[in-house]
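All remarks here apply to the structure that follows.
The values are calculated or read from the model by the stated rules, or taken from the named source; none is laboratory data. Note that the coordinates shown come from a computational prediction; the quantities given were computed from them, not determined experimentally. Cβ: placed from backbone, ideal geometry, glycine included. Neighbour counts: every protein chain shown.
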Amino acid sequence: MAVASGAGFAGIPALFERMSGDEKHEWAAASTLHVLWVLYDRVLNVSPDRLDDPDRDRFLLSKGHGPMAYYAVLAAKGFIDPSTLDNWTHWDSPLGQHPDRVLVPGVEISSGSLGHGLPIGVGLAMGLRIQGRSARVVVLVGDAELDEGSNHEAIALAGRLSLDNLTVVVVDNESGTHGWPGGVDRRFAVEGWQASTVDGRDQDALHGAFTEAHPGRPMVVVARVGKR
Amino acid sequence: MGESMRQVFADTVREAMAEDPRVVVVLAEISRDVFGEHPRVINVGIREQAMVGVGGGLALSGLRPVVHSYAPFLVERPFEQIKLDFGHQDVGGVLVSIGGSYDDPVWGRTHQAPGDVALIDTLPGWRVHVPGHPAEVGPVVRAALAGDDRVYIRLSLRENAAPHPVVEGFTEVRRGGRGVVVAVGPMLDPVLAATRDADVTVLYATTVRPFDAAGLQAAVAASRPDVLLVEPYLEGTSAHAVAEALCAVPHRLRAMGVRRAAELRAYGTVEDHDSAHDLDVLGIAAAVRRLFDHPAT
């Protein structure tokens, strides 16, 4: 498989621009770009050579909308051929407006309907813990996605279960209509999560937050990117 | 009175857990005392959407989840989670409900789920089992745990007087020449009573998906192409499967089940509800007479 030339972050814009036609979600895609890059470049223990390794880390893009950044990073890291990006959303393309785990190597869940990734992530983290595996589960949600009640079932449950192999990244572009008074992180902290808020475009700050130890409890990192 | 279907289910799963480290149970409070404490029995609290989502995640980690609750809270409330967190992720799991269509009518409409099988039937790739006796539950559950596919098992307080061997297709309980009655799960005993004096074939089904088209075709070929379908859930749930099975045969079909035309806004007893839906012996017998005593000309 051809890995994207210039596989560093500088090569991402060119990959991103190979996809077009999703004006509604272009900003949403861009808002996740730095988070996705830091995770795949410096945090997650994943590789296109170990797609089925039971000890790989799992990244779940719960907020499946606007997956252009996700696809660009997957291409940069060798999970998909960059040429695949050129025909995204076409009939014979594996890349749709919402990702499909059956069609795209490295995609851990099929998403698009909001509020599914976090409960699945809780189950995945529990399953890995039951099996004695040290792999980590990272779930990316949007701040508006947190309106879905299923997330709050999972947030409370993960806190009670002390799931320290679970990390949630909330990409906060203030798109939730009613917002979260006091900040998104408070909603998690009250359930026992370790919580931090960082600049969602500061890659070193993101890396520092993702690699904080959080023994005995799950962790949330709120990545603020601000309104468009 | 022997053990309930739920108790047999829990005992069977607990036995399997001792031997198969893949098996894990997810509950939402209901039946927590039946399963008791175990490292792989996870009670998520009253969080049914999370219950199913967690089940999907456990499956993604390589385990064999058994997700269990009362039928409305297992199938209706988290239906999108069933569709996406199992089906769309293309992972397997075993969903097991109790409560049937109206096992506890005094609890009202909130605790009734006659549409559960019809809902599951909208999703591809699910096997559906409807045991009619507690002794049929063990084999059904053991087979489901041993696989890696998606299975829905519908348990009930309603049961037939005697079990039948659990087989993949329909079991011929009685043979006759004036048509075929298909009785699903606990509807067998009322069907047998209602057809006592009728010259009809009676087929018994514990597995309704996949639907035993070949079994029905053979029964119809040996009798007449008049079919009475008696299901303990929403009327007509399997009518499309009968129509497809007999698409090459001019036939008549009457489908009985929980009526769908209007919500039955009443409490009372199971017998009251059976009568209201014509699912008691009198109602089924009347349908038998109307269909089989007046063959098409």
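Being hydrophobic (A, V, I, L, M, F, W, C) and touching a strand residue (DSSP E or B) at 6+ places or on another chain (Cβ under 6 Å) is true for just one of A:Ala154, A:Ala144, A:Ala125. Which residue is that?
Details: A:Ala154 fails: touching a strand residue (DSSP E or B) at 6+ places or on another chain (Cβ under 6 Å); A:Ala144 fails: touching a strand residue (DSSP E or B) at 6+ places or on another chain (Cβ under 6 Å).
One residue alone meets the criteria, A:Ala125.
Summed over the stretch A:66-100, residues that are buried (at least 17 other Cβ atoms within 10 Å of the Cβ), among the charged types (D, E, K, R) and over 16 Å from A:Leu44 (Cβ atoms) total 1.
For the stretch B:79-122, the candidate set comprises residues that are among the β-branched types (Val, Ile, Thr) and surrounded by 20 or more Cβ atoms within 10 Å (Cβ to Cβ); within that set, the residue that is farthest from B:Val24 (Cα to Cα) is B:Val117. No other residue among B:Val249, B:Val227, B:Val220 is in a strand (DSSP E or B) and over 16 Å from the mean Cα position of the chain (by Cα) apart from B:Val227.
Residues checked against (1) of a type outside the set (Val, Ile, Thr); (2) touching a residue at least 40 places away in the same chain (Cβ under 8 Å):
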site: B:Met17; (1), (2): yes, no
site: B:Asp20; (1), (2): yes, yes
site: B:Ala28; (1), (2): yes, yes
site: B:Gln49; (1), (2): yes, no
site: B:Gly56; (1), (2): yes, no
site: B:Pro78; (1), (2): yes, no
site: B:Tyr102; (1), (2): yes, yes
site: B:Val117; (1), (2): no, yes
site: B:Gly125; (1), (2): yes, no
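Within the stretch A:140-165, being at the interface with chain B (Cβ under 10 Å from one of its Cβ atoms) and not in a loop (DSSP other than H, G, I, E, B) holds for A:Gly149, A:Ser150, A:Asn151, A:His152, A:Glu153, A:Ala154, A:Ile155, A:Ala156, A:Leu157, A:Ala158, A:Arg160.
When you scan the stretch B:157-168, do you find a residue that is outside any loop (DSSP other than H, G, I, E, B) and among the basic types (Lys, Arg), even just one?
Quick first cut of the stretch B:157-168, residues outside any loop (DSSP other than H, G, I, E, B) only: none.
No, the stretch B:157-168 contains no residue that is outside any loop (DSSP other than H, G, I, E, B) and among the basic types (Lys, Arg).
Selection of the stretch B:20-66 for residues being more than 10 Å from every other protein chain (Cβ to nearest Cβ) and of a type in the set (A, V, I, L, M) yields B:Val23, B:Val25, B:Leu27, B:Ile30, B:Val34, B:Val41, B:Val66. Scanning the stretch B:79-96 for residues that are in contact with a helix residue (DSSP H, G or I) (Cβ under 7 Å, 6 or more places away or on another chain) and either of a type in the set (Ser, Thr, Tyr) or more than 8 Å from chain A (Cβ to nearest Cβ) (or both) turns up B:Phe79, B:Ile82, B:Phe86, B:Val91, B:Gly92, B:Gly93, B:Val94, B:Leu95, B:Val96. A single member of A:Asp92, A:Asp53 is of a type in the set (Asp, Glu), over 16 Å from the mean Cα position of the chain (by Cα) and farther than 25 Å from B:Gly57 by Cα, and it is A:Asp92. Residue selection: B:Leu119 satisfies the criterion of being away from chain A (no Cβ under 12 Å), part of a helix (DSSP H, G or I) and under 14 Å from B:Tyr152 (Cα atoms).
Just so you know, in the stretch B:67-78 the residues that are more than 11 Å from chain A (Cβ to nearest Cβ) and not small (Gly, Ala, Ser) include one that is surrounded by the fewest Cβ atoms within 10 Å (Cβ to Cβ), and it is B:Glu76. Residues in the stretch A:2-38 that are at pLDDT below 65, farther than 19 Å from A:Phe79 by Cβ, out of contact with any His (no Cβ under 7 Å at 6 or more places or on another chain) and crowded, with 16+ Cβ neighbours inside 10 Å: A:Asp22, A:Glu26. Considering (1) within 14 Å of another protein chain (Cβ to nearest Cβ); (2) surrounded by fewer than 23 Cβ atoms within 10 Å (Cβ to Cβ); (3) under 27 Å from B:Gly62 (Cα atoms); (4) touching a residue at least 12 places away in the same chain (Cβ under 8 Å), the lone condition that A:Glu191 does not fulfil carries the number (3).
For the stretch A:110-132, the set of residues classified as buried (at least 19 other Cβ atoms within 10 Å of the Cβ), assigned to a helix (DSSP H, G or I) and within 7 Å of another protein chain (Cβ to nearest Cβ) consists of A:Pro119, A:Ile120, A:Gly121, A:Val122, A:Gly123, A:Leu124, A:Met126, A:Gly127, A:Leu128, listed by residue number. Among all residues of the stretch A:102-109, there is at least one that is at pLDDT 95 or above, touching a helix residue (DSSP H, G or I) at 6+ places or on another chain (Cβ under 9 Å) and surrounded by fewer than 20 Cβ atoms within 10 Å (Cβ to Cβ).
Is at least one residue of the stretch B:184-200 part of a strand (DSSP E or B) and within 19 Å of B:Arg259 (Cα to Cα)? Within the stretch B:184-200, one or more residues are part of a strand (DSSP E or B) and within 19 Å of B:Arg259 (Cα to Cα).
Do you know which residues across the stretch A:56-85 are in a helix (DSSP H, G or I) and among the aromatic types (Phe, Trp, Tyr)?
Within the stretch A:56-85, A:Tyr70, A:Tyr71 meet the criteria.
May I ask you to list the residues in the stretch B:238-254 that are under 16 Å from B:Val191 (Cβ atoms) and surrounded by 20 or more Cβ atoms within 10 Å (Cβ to Cβ)? Walk me through it before giving the result.
If we filter the stretch B:238-254 for residues that are under 16 Å from B:Val191 (Cβ atoms), which is where we start, we get B:238, B:242, B:253-254.
Within the stretch B:238-254, B:Ser238, B:Val242 qualify.
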